[in-house]
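Structure first, commentary second.
Each reported figure results from applying straightforward, stated rules to the coordinates on display, with no laboratory input. Keep in mind the model is a prediction, meaning the values are calculated, not measured. Reconstructed Cβ throughout: ideal geometry from the backbone, glycine too, with neighbour counts over all protein chains shown.
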Amino acid sequence: MRVTLDIGRFNPEAADPKPYRQEFALEVEEYYTVLDGLIHIREYEDPTLAVRCSCRASICGSCALRINGHAGLGCKTKLISVMDRNGRVRVDPVGNMAPVKDLVWDMKPFWDKIRAVEPYLQPEGPEPVEEYIAPQEAMLHLVGVMGCIMCGACVSDCTVLEVDKNFLGPAALAKAYRFVGDPRDGATKGRLKRLNEYSGIWDCTRCMECVQVCPKGVAPMERIMVLRDKAIAAGMHGTNGARHAESFAEMVKHTGWLNEFWLVPRTYGMFNLMNLNAMFAALPVAWRALRRGKLPTPLHPKREGAEHVRRIFEKVEGPKP
Amino acid sequence: MKVAFYPGCVARGGCPELYPATLLVCQKLGIELEELTGAACTGAGVLQEKDRKLGDALNARTFAMAERKGLPIMTICSTCQGVMSQANKRLQDDDAYRAQINEVLKEEGLEYKGNVEIKHLLWVMVEDIGVDKVKALFTRKLQDLRIAPFYGCYIVRPSWALGFSEHPDRQGALETLIEAVGATVVDFEGKTKCCGLPILLINEKNSVDMVAKHTSTAQNLGANAMVTPCPLCHLNLDGYQPKAAKQSGIAIHMPILHLPQLMGLAMGFSPKEMGLERHIVSTKAVEAKIREAQPARA
Ligand code: SF4
Ligand code: SF4
Ligand code: FES
């Protein structure tokens with residue numbers, strides 16, 4: 001099988017260290033993975049090509065890169081499944097992280113964020129004589145997150161990290177869930193409090209890039225959604241994010257649908273002086289919209305059948321505590 | 001064809017130009033719309049943050065309404081489409097879960113058996129009607145437009161909930177239609193990224209930075225308009241573009257068209273009929289190019 005790998009490269013020791021592209025045309029077997037192709041190049045074509053790998057079996061998490069623009073594991077992706085009609089495949093280093101050389105990138109910021117969520121059990125009370133026992137059912141929901149191999153694919157494609165390097169990001173937040181969700185952990189409240197701050201759970205834009213690219217089905221975004229719900233349930237109502245989710249739900253509950261007009265002041269907190277600035281900042285946008293006749297109306301009549309919507313809310317959510 | 005029409009909240013709220021434009025275009029396309037007037041909001045992923053089961057119950061109620069009519073559901077919003085597709089997959093894949101949800105719907109006399117198809121107008125045009133038939137309705141050739149596609153997250157991810165393996169055409173549907181109107185596709189990496197709207201009220205700076213990034217990238221690549229099948233993306237990319245220009249210090253001018261508007265313009269409707277005057281970013285430059293458009297030959 002003929003394949004052309006179009007590789008995004010970078011040599012920090014070059015006289016003019018700028019990223020450049022280089023193509024390699026290879027004759028390979030049909031079962032070759034992207035990583036096999038890269039190793040083939042390193043062995044037979046260009047020994048200077050830097051690529052990181054170890055297990056070659058989606059276990060160690062070393063070989064994350066971008067294949068045709070999307071992050072994935074080189075060792076888990078067959079060339080035949082990603083090459084175009086002309087047998088071409090584009091390979092680049094992961095995004096959102098600095099390249100060290102060619103396809104190898106600096107993992108320090110990745111580990112710093114993992115460390116920031118204190119990824120270890122912090123049990124409460126006296127140590128048991130033998131071991132910390134947890135019931136099977138209480139651990140099952142953690143199996144998915146424990147499957148994380150720290151490859152960084154999710155971090156590579158996270159849309160928020162593209163504009164804000166401070167965001168904790170999908171891998172660290174999924175790791176945080178792993179401990180918040182552990183029945184043996186005693187630090188839940190403190191963990192949630194920190195995750196509730198800026199750059200934490202509420203900054204995720206729900207783009208699902210991390211869910212799409214994670215090679216292990218960790219679904220970081222879904223864990224972030226559970227953390228949001230847990231933060232609200234723990235009484236942390238004071239963020240724009242919590243107010244946004246709660247007022248959205250209230251509106252749908254009582255009228256069956258959404259009105260964007262009221263979502264703005266309710267999210268900023270109707271009587272929240274701290275947020276007056278944000279409210280005023282929204283005014284020019286509202287004014288422009290009003291002039292074009294597209295500001296949603298403050299009138300928010302109930303939709304047909306709204307009483308059924310309300311009943312469904314009450315039935316599924318159960319009685320309010 | 002006849003469909004159970006689910007316009008979504010934003011097509012009648014923040015983007016009021018979208019609803020009437022869709023009605024005109026669907027009439028031309030021969031899509032008969034029976035609107036699901038009693039259907040609730042899909043939850044838009046926000047309700048699902050708090051309680052996924054709640055979101056699924058509300059959507060199952062909508063599905064049951066369409067199933068009773070024996071019609072597929074048609075959406076005009078990437079977010080509605082994705083949220084419904086995900087809910088439908090969970091309900092179809094797991095009979096026990098569906099039964100649990102049906103328990104909640106029973107009181108209203110509704111039951112969802114799991115047989116409803118949900119399709120965005122974008123998909124209906126390429127799959128059910130067919131590009132050639134759509135093309136035959138065009139009276140203008142929009143050859144001077146260079147258009148960047150912008151899908152909206154929910155209609156591209158997660159791919160396994162959106163039927164891409166059975167319907168491979170869905171993934172490039174927007175490009176197919178841009179070519180069909182005679183315009184040039186300006187391909188760019190941001191086309192499947194997030195517009196930033198979900199965090200607009202939570203972290204405005206980041207949200208507006210995303211608007212700046214996508215609109216300015218498309219502009220640098222020579223696009224003179226962007227088209228989206230998602231009114232939520234439109235809200236942010238259009239409504240917050242002036243702020244994005246200010247925040248980034250880049251002079252951005254990128255008119256954002258709703259997909260039905262682009263179709264309608266090619267079908268010969270006037271910019272006014274398509275509601276272009278309601279946009280925040282002026283569409284004057286696009287309108288000028290439309291005045292110069294050649295008649296289309298089918
Ligand atoms: S869903 Fe959230 S965490 Fe995941 S990639 Fe998108 S913004 Fe990042
Ligand atoms: S969550 Fe998935 S993509 Fe992210 S580091 Fe872990 S295994 Fe890799
Ligand atoms: S080489 Fe270990 S995960 Fe790819």
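Odds and ends about this structure:
- Extreme residue, positive dipole direction of the protein assembly as shown, given options A:Cys214, A:Asn166, B:Ile76 (C-beta unit charges): B:Ile76
- Put a dot 7 Å past the Cα of A:Lys165, heading toward its Cβ, do the same for A:Lys78, and the two dots end up 4.0 nm apart.
- Modelled label positions at B:Glu103 and A:Glu137, each set 7 Å beyond Cα in the direction of Cβ, lie 1.4 nm from each other.
- A simple spin-label model places the labels of B:Gln294 and B:Asp187 2.4 nm from each other, with each point 7 Å out along Cα-to-Cβ.
- Our analysis of the protein assembly as shown gives Rg over Rh at 0.97, with the two radii drawn from alpha carbon positions and Rh computed by the Kirkwood formula.
- Each of B:Ala161, B:Gly196, B:Leu91 was placed along the dipole of segment B:58-208 (beta-carbon charges, centred on the mean Cα), and the one lying farthest toward the positive end is B:Gly196.
- Among the GluC sites (Glu not before Pro) in segment A:57-152, those placed in a DSSP loop whose Cβ has at most 12 other Cβ atoms within 10 Å are A:Glu124, A:Glu130, A:Glu131.
- Scaling the Cα radius of gyration of segment B:120-256 by the globular reference 2.2 N^0.38 Å produces a ratio of 1.08.
- Sorted from longest to shortest, the spans of the Cα atoms of segment B:101-195 along the three principal axes equal 56, 31, 23 Å.
- Three principal axis extents of chain B based on alpha-carbon atoms, in descending order, are 57, 45, 32 Å.
- Note: segment B:116-166, Cα convex hull, 112 Å³ per residue.
- P(r) of segment A:2-105 over all Cα-Cα pairs, binned every 10 Å from zero, in whole percent: 16, 52, 29, 3
- For segment B:189-273, the relative contact order comes to 31 percent (Cα pairs under 8 Å, sequence separation of at least 6).
- Relative contact order for chain A: 13 percent, from Cα pairs under 8 Å spaced at least 6 residues apart, divided by residue count.
- Close amide-amide hydrogen proximity is noted between A:Val100 and A:Trp105, A:Asp106, each under 5 Å apart and 5 or more residues distant or on a separate chain (H modeled in the peptide plane; Pro and chain starts excluded).
- Mean Cβ count within 10 Å, highest first, over the residues of peptides B:252-261, A:35-44: B:252-261, A:35-44
- Highest mean first, the peptides A:304-315, A:96-107 sorted by other C-beta atoms within 10 Å per residue fall in the order A:96-107, A:304-315.
- Those aspartates and glutamates that a straight Cα-Cα span of less than 14 Å connects to B:Lys243, excepting residues fewer than 8 apart in one chain: B:Glu204, B:Asp209
- Sparse-neighbour loop sites [GluC sites (Glu not before Pro); segment B:212-298; at most 13 other C-beta within 10 Å; DSSP]: B:Glu292
- Cross-link partners for B:Lys135 among the lysines, with Cα-Cα distance under 23 Å and sequence neighbours closer than 8 places in the same chain left out: B:Lys2, B:Lys28, B:Lys119, B:Lys272, B:Lys289.
- The average projected area of chain A, computed from the convex hull of its Cα atoms over all directions, is 24.5 nm².
- Evaluated with a Cβ-only charge set (Lys, Arg +1; Asp, Glu -1), chain B carries a dipole of roughly 660 debye about its Cα centre, given to the nearest 20.
- Take each peptide in B:164-177, B:200-213, count the other Cβ atoms within 10 Å of every residue, and average; sorted highest first, the result is B:200-213, B:164-177.
- Environment charge at B:Pro255 (Cβ cut-off 14 Å; Lys +1, Arg +1, Asp -1, Glu -1): 0
- The slack between B:Glu32 and B:Ala251, meaning 0.36 nm per residue of separation minus the straight C-alpha distance, is 74.6 nm.
- Close amide H contacts of A:Val91 (hydrogens built in the peptide plane, cut-off under 5 Å, sequence separation of 5 or more or a different chain): A:Asp6, A:Ile7, A:Gly8, A:Asn68.
- Segment A:Met146-A:Glu317, length gained on full extension (0.36 nm per residue, minus Cα span): 58.7 nm
- Entry for segment A:108-233 at q = 0.14 Å⁻¹: log10 I(q)/I(0) = -0.58, Debye formula applied to identical alpha-carbon scatterers, no solvent contribution.
- Volume of the Cα convex hull of segment A:120-162, divided per residue and given in Å³: 131 Å³
- Compared with the rule-of-thumb size 2.2 N^0.38 Å for a compact globular protein, segment B:26-108 has a Cα radius of gyration ratio of 1.12.
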